[in-house]
Structures are given as C-alpha cells and as structure tokens.
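Derivation of every value follows stated rules applied to the coordinates shown; laboratory data play no part. What you see is a predicted model, and the numbers here were worked out from it, not measured in a lab. Note: ideal-geometry Cβ built from the backbone for every residue, glycine included; neighbour counts use all protein chains shown.
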Amino acid sequence: MDFLDPGQQPDVKPVSPAQEAAEKARLEGELSELRQRHAELPADGPERHELALEIARNLALLERGDEAWPLAREALDHFIAGEQWQPAAEACEVLYLADQPQSLAALGQGIWLAVTYPIDPEVTLTLLQHFIDDTPPDADGAAVAAATAAFVVDLRATDPKQREDLLFFTQQMLGNVARRHSQVENQAQFDYWIEKLELNQPDKFLVRLRNIVDVLVQDDWWFDREALQARLPDPEE
C-alpha cells in the first residue's frame with residue numbers, strides 16, 4: 001500500500017446556496033417523474049421495488065427520511081427474499097441516508113451484505129465510506145473499514161479502468177484515515193501504521209469488521225444472517 005500525499009488529492013469546493021437550490025429542484029423534479037412511473041406499474045411489476053427504492057433515495061436526499069424509510073424497508077425485504085444482494089445493499093444505504101432511529105442498524109447490515117457477497121465494489125466502498133464519515137477520528141474502526149475497502153477492490157474489481165479508479169480511491173481513503181487517526185504524513189509512518197494496526201492481514205481485520213457490524217446492528221437484524229452464511233459456498237471447494 002502507498003501513502004497518498006495530500007497534494008495528490010483533488011480540491012473540494014464548497015457548495016453555494018444557488019447550487020443547493022438547483023440540486024433540490026432537480027431532485028424534486030426527478031421525484032415527481034419517478035412517482036408517476038411507479039403509479040403506472042402493475043402491483044406485481046418486476047420494476048416496482050426498484051423504482052420505489054429510487055423514490056426513497058430522492059426523499060432521503062431531500063431530508064424527508066420519514067417518507068423514505070417505509071419504501072426502502074419494503075424494498076429491502078423484497079430483495080433479500082429474491083437473493084438480490086446488490087439492490088439489498090443499496091436499500092440499506094438508503095435506509096442509512098434516511099437518518100431514522102434504526103439507520104445505523106441498516107448501515108451495519110448493508111456493510112455485511114456488501115462485503116459478504118460479490119457485488120459491485122463501488123457499492124461496498126460507498127457503505128464503508130459512510131461508516132468512516134460517522135466514526136470518531138481516533139477510532140480504529142475507520143482504519144478497519146478503509147482496509148476492508150482496499151481488500152474488496154483488489155479482490156473484485158476486474159475492469160481495468162474501474163480497478164485503477166477504485167484503487168486510487170481506496171488509497172486516498174486509507175491516507176485520510178491515517179492522517180486523522182495518527183497524524184501520519186509520510187510513507188514510512190504510513191507503513192508503520194498499517195503494520196501496527198494489522199491492516200495488511202485480512203484474516204484479522206475482517207474479524208474486527210464483523211465485530212463493528214455487530215455493534216452497529218445489535219439485535220436489529222432484519223434477515224437471518226446465520227442462514228445466509230450457511231448457504232455460502234465453501235471457499236476451499
């Protein structure tokens with residue numbers, strides 16, 4: 001792993017009030033179109049839950065989480081029942097964005113799904129980044145999440161362009177976490193930090209990630225995690 005120098009990171013400009021208003025108007029207009037399309041679908045239409053999740057995402061981004069929650073929650077149950085793991089993980093992200101009492105449980109379950117199943121690594125990274133953003137700067141959990149993100153990308157990203165972009169993103173993610181966690185500022189410090197926290201040993205940091213998920217979810221699992229795990233193929237077969 002290489003340490004990403006701060007000078008390599010793109011500048012992030014603050015969003016102006018005019019830009020915020022334009023984005024809100026865009027989301028409102030999109031929400032209206034999505035609701036119209038949703039209303040025209042048959043009750044048992046295959047796209048109904050996908051559209052409901054899009055509606056819920058827009059509502060969450062518009063800070064109308066109480067409206068978003070039931071739509072995303074129903075969609076999650078549907079996707080789990082159909083073993084559609086990627087949209088199930090995406091539904092968990094929307095439930096997290098809805099900012100409701102059980103949103104952290106939703107994030108934990110989304111992380112579990114996104115790491116357990118071979119879905120698009122971008123979805124996995126998004127969920128792990130949400131956890132990092134919500135974690136205190138000195139907590140080891142953010143480092144575990146960043147290491148997991150790098151591991152998932154290395155394992156799953158096969159398209160050359162996506163792989164290059166995501167490897168850069170996870171390198172940046174690890175560098176940012178290292179700076180805020182231990183004031184890491186150069187490659188030697190970064191290498192020591194990685195080794196000290198055992199972030200180069202997946203068999204150790206993935207166990208720690210499981211513990212993090214357990215803390216997030218507590219007893220609020222909405223699906224039978226043990227049953228799903230029992231059906232996973234043996235990696236040695």
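Scan the stretch 80-102 residue by residue and report those that are out of contact with any Gly (no Cβ under 8 Å at 6 or more places or on another chain) and surrounded by fewer than 24 Cβ atoms within 10 Å (Cβ to Cβ). Ile80, Ala81, Gly82, Glu83, Gln84, Trp85, Gln86, Pro87, Pro101, Gln102, listed by residue number. Checked against (1) in contact with a Gly (Cβ under 8 Å, 6 or more places away or on another chain); (2) in a helix (DSSP H, G or I), Lys161 meets all criteria but (1).
State all residues of the stretch 97-127 that are in contact (Cβ under 8 Å) with a residue 60 or more places away in the chain and part of a helix (DSSP H, G or I); if no residue qualifies, say none. Can you show your working first?
Applying the first criterion (in contact (Cβ under 8 Å) with a residue 60 or more places away in the chain) to the stretch 97-127 yields 102, 104-105, 107-109, 111-112, 115-116.
Hits for the stretch 97-127 are Leu104, Ala105, Leu107, Gly108, Gln109, Ile111, Trp112, Val115, Thr116.
Only one entry in His130, His78 is in contact (Cβ under 8 Å) with a residue 24 or more places away in the chain, assigned to a helix (DSSP H, G or I) and closer than 27 Å to Pro233 by Cα, namely His78. Search the stretch 181-223 for residues being without any contact (Cβ under 8 Å) to a residue 40 or more places away in the chain and part of a loop (DSSP other than H, G, I, E, B), and hand back the single one that is farthest from Gln100 (Cα to Cα). Among them, the one singled out is Glu185. A search for C-beta distances below 8 Å between a residue of the stretch 21-46 that is within 16 Å of Ala75 (Cα to Cα) and any residue that is in a helix (DSSP H, G or I) and among the polar types (S, T, N, Q), counting only pairs 6+ apart in sequence or on different chains, returns Leu34/Asn58.
Which residues, taken from the stretch 24-74, are among the aromatic types (Phe, Trp, Tyr) and either touching a Phe, Trp or Tyr at 6+ places or on another chain (Cβ under 7 Å) or not in a helix (DSSP H, G or I) (or both)? Spell out the reasoning first.
Within the stretch 24-74, the first condition is being among the aromatic types (Phe, Trp, Tyr), and the residues that meet it are 69.
Scanning the stretch 24-74 gives no hits.
Taking the options Ala178, Ala150, Ala230, name whichever one is out of contact with any Phe, Trp or Tyr (no Cβ under 9 Å at 6 or more places or on another chain) and surrounded by 16 or more Cβ atoms within 10 Å (Cβ to Cβ). Full working, then the answer.
Values: Ala178 fails: out of contact with any Phe, Trp or Tyr (no Cβ under 9 Å at 6 or more places or on another chain); Ala230 fails: surrounded by 16 or more Cβ atoms within 10 Å (Cβ to Cβ).
Every option except Ala150 fails the conditions.
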